[in-house]
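Novice: The structure is given below, and queries will be raised subsequently.
The values are calculated or read from the model by the stated rules, or taken from the named source; none is laboratory data. Keep in mind that what you see is a predicted model, and the values were worked out from it rather than measured. Note that we place each Cβ from the backbone using ideal geometry, even for glycine, and neighbour counts take in every protein chain shown.
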């Protein structure tokens, strides 16, 4: 990692205390660190799967490692605008197409399209939460189970109302 944002390396499930981030590079690094330490589950709620955050080799490697290490759906992604991510050739979508039993991406239902935030949750312990998805102002905490569970509960409710997005499916001809 090129930019050091933490005084010491944060450990998922051990390092606690919220940090406020305000730049894209910082949010990206926090996401890579959190995803690379996840051992059970990674949940992502995003408007359009920001490529500067989630279409980067270190993040994709961490997601692939987790997906291959765990049976079942260990990585789930909810998108408000799957079309822009799909048309942009996002590599996370390509990875999900190859690992369909390990990574699932769904389209947020109509009732949840206006939700303004974006978040990433790792192992029900750590999270990165941007209250306004359009900005890079985020709170990150590597060990806050109560907030991670609260966000996970919101994710699960949205997941239940979500749909499979046709533009995310691979066409076999």
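Novice: Considering 165, 122, which residue is on the phi < 0 side of the Ramachandran plot and either within 14 Å of the chain's Cα centre (by Cα) or modelled with pLDDT of 95 or more (or both)?
Specialist: On the way: 165 fails: either within 14 Å of the chain's Cα centre (by Cα) or modelled with pLDDT of 95 or more (or both).
It is 122.
Novice: While we're on this one: Restricting the search to region 140-161, which residues are in contact (Cβ under 8 Å) with a residue 60 or more places away in the chain and farther than 15 Å from residue 46 by Cα?
Specialist: Scanning region 140-161 gives 140, 141, 142, 143, 144.
Novice: Does residue 139 satisfy the criteria of being modelled with pLDDT of 95 or more, on the phi < 0 side of the Ramachandran plot and in contact with a helix residue (DSSP H, G or I) (Cβ under 6 Å, 6 or more places away or on another chain)? Quick ask: steps written out before the conclusion?
Specialist: Details: modelled with pLDDT of 95 or more: yes; on the phi < 0 side of the Ramachandran plot: yes; in contact with a helix residue (DSSP H, G or I) (Cβ under 6 Å, 6 or more places away or on another chain): no.
No; evaluated as a whole, the condition is false for this residue.
Novice: Here is a list: 27, 63. Which entry is in contact (Cβ under 8 Å) with a residue 60 or more places away in the chain, surrounded by 15 or more Cβ atoms within 10 Å (Cβ to Cβ), touching a helix residue (DSSP H, G or I) at 6+ places or on another chain (Cβ under 7 Å) and within 19 Å of residue 118 (Cβ to Cβ)?
Specialist: Details: 63 fails: in contact (Cβ under 8 Å) with a residue 60 or more places away in the chain.
That would be 27, the only listed residue that is in contact (Cβ under 8 Å) with a residue 60 or more places away in the chain, surrounded by 15 or more Cβ atoms within 10 Å (Cβ to Cβ), touching a helix residue (DSSP H, G or I) at 6+ places or on another chain (Cβ under 7 Å) and within 19 Å of residue 118 (Cβ to Cβ).
Novice: Right, another one. Does region 71-83 contain at least one residue that is farther than 18 Å from residue 167 by Cα, out of contact with any helix residue (DSSP H, G or I) (no Cβ under 6 Å at 6 or more places or on another chain), modelled with pLDDT of 95 or more and crowded, with 23+ Cβ neighbours inside 10 Å?
Specialist: Our first condition is that a residue be farther than 18 Å from residue 167 by Cα; within region 71-83, this holds for 71-75.
In the following step, the residues that additionally are out of contact with any helix residue (DSSP H, G or I) (no Cβ under 6 Å at 6 or more places or on another chain) were identified as 71-73.
So of that shortlist, the ones also modelled with pLDDT of 95 or more come out as none.
Within region 71-83, none of the residues are farther than 18 Å from residue 167 by Cα, out of contact with any helix residue (DSSP H, G or I) (no Cβ under 6 Å at 6 or more places or on another chain), modelled with pLDDT of 95 or more and crowded, with 23+ Cβ neighbours inside 10 Å.
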